[in-house]
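The values are calculated or read from the model by the stated rules, or taken from the named source; none is laboratory data. All of these numbers come straight from a predicted model, not from anything done at the bench. Please note: Cβ atoms are built from the backbone with ideal geometry, for glycine as well, and neighbour counts cover all protein chains shown. With ligands, DNA and RNA removed, areas are computed over all heavy atoms of the protein, side chains included. Shrake-Rupley method; radii C 1.70, N 1.55, O 1.52, S 1.80 Å.
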Amino acid sequence: MMMSHTSIGGVLLRRAIKSTKHAHQHRRHLITHISPTTSLLRSDISDNEVYLLGTAHISQASNEEVVDLIQLVQPKYVFVELDANRAAQLRSSAASKNNMADSFNTLFKGIGKGLPPNIMQQLPPQMNNILPVLQNAPQMMSRMGWLGSQGGEMKAALEEAERIGATCVYGDVDFEVTMRDLRLAMMGMAANPINLMQMIGNAPSPPKELAELTGIMLSGGNPTQLIEAVKTREQAKQMTKYVSEALPPLYDVMITKRDVHMAKMLRKHCSEGKVVAVVGAGHVEGIEREWEALDHSS
């Protein structure tokens, strides 16, 4: 995937990287924020430089940012938020809109399945309403055309890595493992209705942008502009903070465990040279935190 020009974001990123290198040529910071979506991770125990790019999975602009960054950095490794099976699907001609929708249908349809009838009867009314919405969310997204470009930035990363001869590293937890853990988390929540009700009752109000995005989804509107606005580091931080407070068990499965895993994979498989790591914006803060913790514990 070769771009004939560098996007405006790419130009700004180029300037930011040059400025960062000049400012820190005699001082090595573990983490440097070089743009609203990109961080530079360094280590006191290795000579690698990791350019960590936070993306929105349904953003065309993120696709362009990925290509721009890889072309600019010319990394030895390109790290992606994928497991090996998902990467193979994206590389194949079969990696289409329907396959992505099928993957999400499999994940979301499993939520709440296998719960004993007596547990289902004990669910608070709120959960009886929430479960069908979660289980049918991918179908709604498919009808709105949202799943067509889901994972597009990851495919762009794979293609650009191949073009420049960089090694691809598949850094995410296996999809089936995440799906299993998500089912178990949902079953655990549903099995204790009192705790679940307390969790729902104590949940803070969602960030304004998340409420707006939900409204756009339900109304069938175009979310592109809002998605571009919320994929920055600070906005992603607010979103993930809300999920961590509202639904801690789901946050642990979908965010925390994967952040820890990806940080360790970066350390293990990308320990030398330049690296471009492409992950969802919601994972950036956690990976930065784990990266720093791993450096201090070594």
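For F79, nonlocal amide neighbours, meaning residues 5 or more places apart or on other chains whose placed amide H falls under 5 Å from its own, are V169, V276, A277, V278. Along segment 244-249 the Karplus relation, 6.51 cos²θ - 1.76 cosθ + 1.60 evaluated at θ = phi - 60°, assigns HN-Hα couplings of 5, 8, 7, 9, x, x Hz to successive residues, with x for each Gly and Pro. Per-residue SASA remark: Y242, around 50 Å² accessible (1.4 Å probe; ligands, DNA and RNA not included).
The label point for Q198 and the one for A84, both projected 7 Å from the Cα toward the Cβ, are 4.3 nm apart.
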